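Asker: Have a look at this one before I ask anything.
The values are calculated or read from the model by the stated rules, or taken from the named source; none is laboratory data. This one's a predicted model, so the numbers in the text were calculated from it and none came from an experiment. With ideal geometry, Cβ positions are generated from the backbone for all residues, glycine too; neighbour counts draw on all protein chains shown. Ligands, DNA and RNA are stripped out before the accessible areas are found, and what is left, the full protein with its side chains, is counted by its heavy atoms. Shrake-Rupley method; radii C 1.70, N 1.55, O 1.52, S 1.80 Å.
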Amino acid sequence: KLQGAGIPFIILEKADGVGGTWHYNTYPGAACDVPAHLYSFSFELNPNWSKAYASHWEIKQYLERVMTKYGLWEHLRLNTEVDTAEWDAKSSRWQIRTRNGESYTPRFLVNGIGVLHQPKFPDVSGIGSFKGKAFHTAEWDHSVDLTG
């Protein structure tokens, strides 16, 4: 809608790809736990999900197709993590700073952060002495052999 109205915008993305949770969580069998059609944008419905609870790859591919169809890649700044976003009442603008030193002062900010990719390990007695591999689903180590 912003493009159609001629309003300039950028998309700041912390990761090296789009998809949020579906970019980070690549563990075997990763899939949504709600019906996949809920991951369709209202302006770009997807009646072709392969199953009711789509895999992470299928959701990520859908999001990438949307990026391509609507020409959003050119607005995207990958590997750009927002460090601070503060409202400046005097200028009526947001003061945004990124971890790589960039600054932006937009009139509007749409926040789309998620937390399901940030590793949080349990406080379990003895966890530090565990001899096996341990990793979070958002940092899946595909080199580990899981056959038992």
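Asker: Accessible area of the chain with a 1.4 Å probe: how many percent of it is carbon plus sulfur?
Answerer: Details: 5940 of 10710 Å².
Carbon and sulfur: 56 percent of the exposed surface of the chain.
Asker: So if each residue of separation counts as 0.36 nm, and I subtract the Cα-Cα distance between ALA5 and VAL124, what length gain in nm does that give?
Answerer: Working: separation 119, 0.36 × 119 = 42.84 nm, distance 5.29 nm.
Taking 0.36 nm per residue and subtracting the Cα distance, the gain is 37.6 nm.
Asker: For the stretch 22-28, in order, what is each residue's ³J(HN,Hα) by Karplus, 6.51 cos²θ - 1.76 cosθ + 1.60 with θ = phi - 60°, in whole Hz (x at glycine and Pro)?
Answerer: Each residue's phi maps through the Karplus curve to give 7, 7, 7, 8, 10, 5, x Hz.
Asker: So, in nm, how far is label SER103 from label ASN46 when the simple model puts each one 7 Å beyond its Cα toward the Cβ?
Answerer: Calculated label separation equals 3.9 nm.
Asker: For SER55, SER91, SER129, give me the order by solvent-accessible area with a 1.4 Å probe, most accessible first, ignoring ligands, DNA and RNA.
Answerer: On the way: SER55 35, SER91 55, SER129 75 Å².
Listed by decreasing accessible area, they come as SER129, SER91, SER55.
Asker: Using a 1.4 Å probe, what is the accessible area per residue for the stretch 6-91, in Å²?
Answerer: Details: 5310 Å² over 86 residues.
Per residue, the stretch 6-91 has an accessible area of 62 Å².
Asker: Quick one: go through the stretch 4-23 and flag any residue whose amide nitrogen is under 12 Å from the point 7 Å out along the Cα-to-Cβ line of VAL115.
Answerer: none
Asker: Just how much of ARG65 is accessible, in Å², when a 1.4 Å probe is used and the result is rounded to the nearest 10?
Answerer: Estimated to the nearest 10 Å², ARG65 gives 130 Å².
Asker: Let me ask another. Tabulate in residue order the Karplus-calculated ³J(HN,Hα) for the stretch 107-119, using 6.51 cos²θ - 1.76 cosθ + 1.60 with θ = phi - 60°, rounded to whole Hz; enter x for Gly and Pro.
Answerer: 6, 10, 9, 10, 8, x, 6, x, 10, 6, 10, 8, x
Asker: Show that you can apply the helix-only estimate: for the chain, add -39,500 (n - 2.57) for every DSSP H stretch of four or more residues, divide by all residues, and state [θ] at 222 nm to the nearest 500. Don't skip to the end; give the middle numbers.
Answerer: Values: 2 runs with 18 residues, N = 148.
Calculated at 222 nm, the ellipticity per residue is -3500 deg cm²/dmol.
Asker: Could you pull out which residues in the stretch 22-41 have an amide N less than 14 Å from a spot 7 Å beyond the Cα of TRP140, following the Cα-Cβ vector?
Answerer: So the set is 22-33.
Asker: ARG93's amide H: which non-local residues (gap 5+, or another chain) put their own amide H closer than 5 Å, with H modeled 1.01 Å from N in plane and none for Pro or chain starts?
Answerer: ASP88
Asker: Springs between alpha-carbon atoms under 10 Å, Gaussian network over the chain: tell me which of VAL115, VAL82, VAL18 tops the mean-square fluctuations.
Answerer: VAL115
Asker: What are the ³J(HN,Hα) couplings of the stretch 64-72, residue after residue, when phi is run through the Karplus curve with 6.51, -1.76, 1.60 and θ = phi - 60°? Round to Hz, x for glycine and proline.
Answerer: 5, 4, 4, 4, 5, 4, 9, x, 8
Asker: With a Förster radius of 30 Å, plug the Cβ-Cβ distance of LYS131 and ASN79 into 1/(1 + (r/R0)^6) and report the FRET value to the nearest 0.05. Numbers along the way, then the final one.
Answerer: Values: r = 34 Å, r/R0 = 1.14.
For R0 = 30 Å, the calculated efficiency reads 0.30.
Asker: In whole angstrom, note down how far apart the Cα centers of the stretch 72-148 and the stretch 1-63 are.
Answerer: Here the answer is 17 Å between Cα centres.
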